[in-house]
Amino acid sequence: MIISPLEALEKHFGLTEFRPAQLEVIENLLAGKNTLATLPTGSGKSLTFQLPAFLLPGTVIVVSPLLSLIRDQVQKLDSQGIAVSQIDSTLTDKQRIENLASIADGEVKLVYTSPETLASKDLLDVLKSIQISVIAIDEAHCYSEWGHSFRPSYLSLPLLCRSLKPHALLALTATATRKVASDIRKAFKVKVAEHIAISPTRDNLSYHVLPCLSEVRDNQLVSLLSKPNHLPAVVYAMRQEQCEEIAGKLSKQGFNARSYHAGMSNDPRKKVQDAFINDEVDVIVATIAFGMGVDKSNIRSIIHYHLPKSPEGWLQESGRAGRDGLDAHAYLLACGDDIIPLTNFIRARELKESTIRSLLDTISSQGKTAAIQPYKTRVDLEILSSTLDVLLAKLELTKLIRYSHTSWRYVTMWQIFGRSFDLNDYPKSHRKALEYIIKNSEGPKQEYYRYDLEQSREDFNIAPEKLYQTLEDIKQSGEYRVRFSGWRKHYKILKNVSKDELREISQKLYEYHQQQLADGEERLKEVLRIATTKACIPAQFEKWFSVPPAKRNKACGKCSSCLEEFRPRKLPRKKETEINEQHLEEIQALLVKKGRRLNTPQKLTRFLCGIPTPYNRHFYLYKHPSFGLLEDCSYDEVLAQSIALL
């Protein structure tokens, strides 16, 4: 029996009415219209693709970059008795095979996966064999090069989605400027009329900007968290070590607080997140690594301890409060001291055109195929992780290279106590290689040894990929401990280019990179403008995200501007640190000991400004007591001093 969306809403989700724009999006999908939905955090985006699963024949595919969101939504839907499955990197081989089989049999209504996993052959083969009702692309702003969190893995999605021939496609994001929305619509074949957008702010959320000097921030934070109905709360900080420090101070003040950041291993992070979701922890102090995909509706306040890098980040992170529709608060402890470190982070991403040329030479010199070790490349060329990913993505867009697969270059093996291991169970041609690897791995220098799989053809007449597969089988069997390292990305070279063409490509990439840096600086300036404006704060967000004037709030009536809370024209800040003789003496002493590592102005500047680059991390320079010595000085000033010293 055909039922209406409202009947399905009550039957499957126990709800009696839709939130704004939800029904419009769902009706578009039922009619087979590709749709872009720009809906704020907490507006119920998930329902717009979950409900059509019960109203259309076939399977809904949900593509999300957030493994935590995938896990949480799959668990929640499964507990409701809804046929759901996931295919991503967190599964064991056995789980993956079982899940693929159930999808192929048509038993599953919703399949969650990641952009990277969607491109895998085994999943694509299964999906092409079944009927696809809707493909939902979550965090769709990641597709646009001008979005605040561009992810190269999204570039292949438009082609992959078209190959699966869904009844309709849905691109979802909480925020999109006019340029980002245009990029998404063009890529996923969405008509302008099918872009459904509502204000990125919510009526139940009040925005407050509290200008303050850095020395009073802790007191301000404690005062806010002590207010009635302000817990649970999330406090966002700039750096990992600051999260630990702030959480420690709050704990001493009697708050049940924990820190959360990307520097923690997976298990502790998951325990902290789960404890917060289950109301066992009141305050999470986190970097922006926390929040996306965290399903907790009763967060009462979001506090930005430091200035956000962009309006997108400020709005999206603030929007995690009050998703239950009750009153909630977003605070910004606005201190001008944050401007220099945030600007320095942007400036530290700068590259010389010669660095880009070195990357191109490395790729083009390898012949018809090329392999890049991302970690080694980042360290050798001093390129930040996100910058390298973007440059490789741009090379794919120019049709110079095409990604093919990943592999590991090195392997080490250790015997597991109490486990037997019989080499006779493996191909005869591989036993000699396995014996060699085991012998050297367990020798006196075992902590330094790793076998280079690239040598297997020369050493044992075995193709590296075949030996790797045998080693992977051993690892999965659990008979021996096998550790791979030296992750590589492999590309096909699509066309041969001359030196002049390489020079032209590197110049265009350099210009593009410079524009991205300028874009980052423009975003930071907009944060400062909104933080000091006397105009309604939600209305300023709406203006930045190109909400039509007719749909904008004239005044929310409860933000710092509308309440006429005092704010100076410039954010308070302490006097800028000047480089003095004591600093110079410490730097000279540093160069005597570490001059070999800090032998260029760029390396020295990034070290002194406290930028945790791949280079500084690889050589453990970030642990040196002088790391960040001049973090309160502008990047240009430190760079000029570094050039003079070197």
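The values are calculated or read from the model by the stated rules, or taken from the named source; none is laboratory data. These numbers were taken from a predicted model, which means no experiment stands behind them. All Cβ positions, glycine included, derive from the backbone under ideal geometry; neighbour counts span all protein chains shown.
Structure notes:
Matching residues to (1) part of a helix (DSSP H, G or I); (2) more than 30 Å from the chain's Cα centre (by Cα); (3) hydroxyl-bearing (Ser, Thr, Tyr); (4) closer than 17 Å to PRO308 by Cβ:
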| residue | (1), (2), (3), (4) |
| --- | --- |
| LYS227 | no, yes, no, no |
| HIS230 | no, no, no, no |
| GLU244 | yes, no, no, no |
| GLY254 | no, yes, no, no |
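Per-residue answers, yes or no, for (1) in contact with a Lys or Arg (Cβ under 9 Å, 6 or more places away or on another chain); (2) part of a helix (DSSP H, G or I); (3) within 28 Å of LYS270 (Cβ to Cβ); (4) in contact (Cβ under 8 Å) with a residue 40 or more places away in the chain:
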| residue | (1), (2), (3), (4) |
| --- | --- |
| GLN73 | no, yes, yes, yes |
| SER89 | no, no, yes, no |
| LYS94 | no, yes, yes, no |
| GLU98 | no, yes, yes, no |
| ILE103 | no, yes, yes, yes |
| VAL134 | no, no, no, yes |
| SER163 | yes, yes, no, no |
| PRO166 | no, no, no, yes |
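- Just one of (1) at pLDDT 90 or above; (2) outside any helix (DSSP H, G or I) fails for ILE3. It is (1).
- Test for HIS261: is it buried (at least 17 other Cβ atoms within 10 Å of the Cβ), in contact (Cβ under 8 Å) with a residue 60 or more places away in the chain and either among the basic types (Lys, Arg) or not assigned by TED's automatic domain parsing to the domain that holds GLN73 (or both): no
- Residue in region 317-335 that is modelled with pLDDT of 90 or more, more than 20 Å from SER301 (Cβ to Cβ) and buried (at least 19 other Cβ atoms within 10 Å of the Cβ) present: no
- Residue match in region 338-350 (condition: under 30 Å from TYR305 (Cα atoms), at pLDDT below 90 and in contact with a Pro (Cβ under 7 Å, 6 or more places away or on another chain)): no
- A single entry from PRO538, PRO612 fulfils the requirement of being under 28 Å from the mean Cα position of the chain (by Cα), at pLDDT below 90 and on the phi < 0 side of the Ramachandran plot: PRO612.
Listed here are the residues, each with its yes/no results for (1) outside any loop (DSSP other than H, G, I, E, B); (2) without any contact (Cβ under 8 Å) to a residue 12 or more places away in the chain.
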| position | (1), (2) |
| --- | --- |
| LYS525 | yes, yes |
| ALA531 | yes, no |
| ALA535 | no, no |
| ALA539 | yes, no |
| GLU542 | yes, no |
| SER546 | no, no |
| ALA555 | no, no |
| SER560 | no, no |
| PRO568 | no, no |
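- No other residue among PRO52, PRO115, PRO65 is in contact (Cβ under 8 Å) with a residue 40 or more places away in the chain, over 27 Å from PHE150 (Cβ atoms) and not aromatic (Phe, Trp, Tyr) apart from PRO52.
- Residues considered: SER149, SER102, SER156, SER120. Of these, the only one that is at pLDDT 85 or above, surrounded by fewer than 22 Cβ atoms within 10 Å (Cβ to Cβ) and of a type in the set (Ser, Thr, Tyr) is SER102.
- Of the residues making up region 168-190, those that are in a loop (DSSP other than H, G, I, E, B) and of a type outside the set (Lys, Arg) are ALA174, THR175, ALA176, THR177, PHE188, VAL190.
- Test: residue in region 586-593 that is among the basic types (Lys, Arg), in the same structural domain as GLY610 (by TED's automatic domain parsing), at pLDDT 85 or above and out of contact with any Gly (no Cβ under 9 Å at 6 or more places or on another chain): yes
- Among the candidates THR113, THR41, THR16, residue that is assigned by TED's automatic domain parsing to the domain that holds ARG178, β-branched (Val, Ile, Thr), farther than 28 Å from PHE541 by Cα and surrounded by 15 or more Cβ atoms within 10 Å (Cβ to Cβ): THR113
- Whichever residue in region 209-250 is touching a His at 6+ places or on another chain (Cβ under 7 Å) and not aliphatic (A, V, I, L, M) and, among such residues, is farthest from SER561 (Cα to Cα): GLN240
- Tabulated pairs, region 214-232, first touching a residue at least 60 places away in the same chain (Cβ under 8 Å), second of a type in the set (S, T, N, Q), C-beta under 7 angstrom, 6+ apart or interchain: LEU224/SER301; HIS230/SER301; PRO232/ASN298
- Selected residue [outside any strand (DSSP E or B), surrounded by 20 or more Cβ atoms within 10 Å (Cβ to Cβ) and of a type outside the set (Phe, Trp, Tyr)] from VAL285, VAL272, VAL234, VAL216: VAL272
- The set of residues in region 136-161 that are of a type in the set (A, V, I, L, M), out of contact with any strand residue (DSSP E or B) (no Cβ under 8 Å at 6 or more places or on another chain) and not in a helix (DSSP H, G or I) contains only LEU155.
- In this structure, LYS121 does not satisfy being of a type outside the set (Phe, Trp, Tyr) and either in contact with an Asp or Glu (Cβ under 7 Å, 6 or more places away or on another chain) or in contact (Cβ under 8 Å) with a residue 24 or more places away in the chain (or both).
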